[in-house]
1. Picking from 87, 163, 70, which is most flexible by a Gaussian network model of the chain using Cα springs under 10 Å?
2. I need the trypsin sites (Lys or Arg not before Pro) found in segment 99-135, filtered to DSSP loop residues with at most 16 other beta carbons within 10 Å of theirs.
3. Say the dipole of the chain comes from +1 at the beta carbon of Lys and Arg and -1 at that of Asp and Glu; which of 113, 11, 83 then lies farthest toward its positive end?
4. Build a GNM of the chain with springs between Cα atoms under 10 Å: which of 157, 168, 111 gets the top mean-square fluctuation?
5. Can you classify segment 24-109 as rounded, prolate or oblate using the Cα gyration tensor, where a ≥ b ≥ c are the square roots of its eigenvalues, rounded means a/c under 1.5, and otherwise it's prolate if a/b beats b/c and oblate if not?
6. How would 49, 138 line up from fewest to most surrounding beta-carbon atoms within 10 angstrom?
7. Taking amide hydrogens as modeled 1.01 Å from N in the peptide plane, which residues meet the under 5 Å criterion relative to residue 76, leaving out close sequence neighbours?
8. With only alpha-carbon atoms in the gyration tensor, what are the semi-axes of the equivalent ellipsoid for the chain, in Å, largest first?
Amino acid sequence: MGQLLGIDSRIAFVALVALVAIQRLVEMSISKRNYRRALARGGVESGAELFPWMAVMHAAFLVAGPAEVLLLARPWVPPLAAAMVSLLILAQVLRYWAVSALGDRWTARVVCVPGDPLVTAGPYRWLRHPNYLAVVMEFITLPLVHTAWLTAAAFSVANAIVLRRRIVVEEDALRRYCRRPEASRP
């Protein structure tokens, strides 16, 4: 196995995944707080049946990568690792830019407060679902940091299936409950 700054690369990879897992736990705490606030303001949840599937998939993803590396002795390829870490950081920047643009409206669930304006700030100026793009990037890059290609492939397919339905649900909720920004007038 490879070495990263004198540390077994497998241990470094497991530590990286653990950091991402801690990040997700913090995000879930923020999401729960924002979810309760949205409901208190009259928010309407859509697609609640999808959330457990997403939660299980994300948790399994965080276990599968390290398991694949440890059980199948995936090699450490430093140039690939460097590229994947760079893209993973880019995905995290995009994720937190999107979360920041949504502010207290961000949740891991689809909740819209009727009458709230559609968010068009930050990355939402250019992308309809920037947070989902960040997740897609993460499902590819995080496992490939240590060549866990089975995890990257399997969870990317699973994520595509779930996101396909989730985006339909979210688009419907936004259409039904959010105000569109008024067109600028000359």
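1. Ranking 87, 163, 70 by mean-square fluctuation puts 70 first.
2. 128
3. So the residue we want is 113.
4. Result for the chain, Cα springs under 10 Å: 168 fluctuates most.
5. oblate
6. In order of increasing Cβ crowding within 10 Å: 49, 138.
7. 2
8. Largest first, the chain gives 34, 17, 14 Å.
Each reported figure results from applying straightforward, stated rules to the coordinates on display, with no laboratory input. Everything numeric here is computed off the predicted structure, so don't read it as measured data. We place every Cβ from the backbone using ideal geometry, glycine too, and count neighbours over all the protein chains shown.
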